[in-house]
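Notes to accompany the following structure.
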Number of protein chains: 2
Amino acid sequence: MSDETTIPADGAKPAMTKEKRVRADAQRSTDALLEAAKKVFATSGVDAPVREVAERAGVGIGTVYRNFPTRSDLIAGVFRREVDACVAEATTLANTHPPCDALSLWLHRYTQFIATKKGLASALHSGDPAFATLPDYFRENFEPALAALLNQAADAGDIGGDVEPYDLLRAIGNLSVASGADGAAHIRRMVDLLIQGLRYNGSAP
Amino acid sequence: MSDETTIPADGAKPAMTKEKRVRADAQRSTDALLEAAKKVFATSGVDAPVREVAERAGVGIGTVYRNFPTRSDLIAGVFRREVDACVAEATTLANTHPPCDALSLWLHRYTQFIATKKGLASALHSGDPAFATLPDYFRENFEPALAALLNQAADAGDIGGDVEPYDLLRAIGNLSVASGADGAAHIRRMVDLLIQGLRYNGSAP
DNA sequence: TGACAATCGGAACATCGTTCCGTATCTGTA
DNA sequence: TACAGATACGGAACGATGTTCCGATTGTCA
């Protein structure tokens, strides 16, 4: 609480007070940039040149730096956007599936999110201020999302209600680190196991 | 065993067959470079520019690249040199202290070695071929050194003899990862605890 | 429609890793 | 000791990359 950065660092829409309306072209650039960066980072890794992202997005380099003052800010922006996408899917799944199915489907979706974040692991702890708020952003968004799914499944009597959402998020995250050759399959099995555990937890008091 | 590099990658003196004698100035450059790099990396981190190392060593950039074809080779060279220094100290301590004291003193010396390698952790797993042989070099040198100290202490009846040297090396390494604010002190306490454990292990069969 | 401000594009700059090559130095020999 | 060839040295130069700057362009609102 001493050296805490005072910059909000919210990469999206603050919407507080009356923010001057963003110009349409600016909004388009930001979207194209985030979309292009997501693909480029997935293909060439987070070390890919900024110019490559600019080219793929069909904008000039200057535009990149107008939207994201630093290369790290661009990376952080992609991270936040993917957090948002994954969190949004929790609601979608909850509305289109039985509680326990929704929970299971989302946890597997979450492992995919984690899988794309391998390259970021070292960057997160690099001390770069652009990444400072990312762990909080991660938790503040994922924890309520998973909590909602868990509650619905618990209310339906499918699982027990004594699981800490954050513990589960961390557990799956750690599970995904050790993945070797058949990584994806291994992770899938282990997550299924966790879900089974939740079920038993519900039926056997 | 398929994609194993065939390059020896021994940064020091091969000495096999009859190697042409190295010129005196070349040897001086290599030493100055390793010494300078050690200090620069300790001060500015392993990301410090090669030019900074060259300047501190008092040589031109060309000379850096003549001795270390790649920036990563320079880092690896410093790493090996520090391994050598730490290993050499094991012998020194064994000759100047009672077995159990030597063991204790060296383990604490080893924690210092580990402490300076934080920045390398991610580089080690980066896939850079210059770092490929480092883990082996680490183990091949440290394991016998610690084994000798453990044996001497065991022969003197100070500790039990059923500790795997490599396990101990890893344990202390892992211990050092988690260090937070009072890191050094915390590590010291934990290592002392391990040593206590070794002692009890000897007196209470 | 017109004017103002926000945005854009990309040339230009600074920093890095790395390469090249003319020059300086060392070493073994006469 | 003096010489010649081999070896090493220094640093300019190159290509890549992050970042800055500014004139040209475009969107928005009256």
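Only the coordinates and a few stated rules stand behind these numbers; no lab work does. Just so it is clear, the model here is predicted, and its values are computed rather than measured. Cβ: placed from backbone, ideal geometry, glycine included. Neighbour counts: every protein chain shown.
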Among residues of the stretch B:29-67 being in a helix (DSSP H, G or I) and exposed (fewer than 12 other Cβ atoms within 10 Å of the Cβ), the residue farthest from DNA strand C (Cβ to nearest atom) is B:43
Answer yes or no: is there a residue in the stretch B:142-158 that is crowded, with 18+ Cβ neighbours inside 10 Å and under 30 Å from residue B:71 (Cβ atoms). yes
Going through the stretch B:110-155 in order, the residues found to be of a type in the set (S, T, N, Q) and within 14 Å of another protein chain (Cβ to nearest Cβ) are B:122, B:126
Looking at the stretch A:156-172, is at least one residue basic (Lys, Arg), more than 14 Å from chain B (Cβ to nearest Cβ), over 21 Å from residue A:91 (Cβ atoms) and part of a helix (DSSP H, G or I)? yes
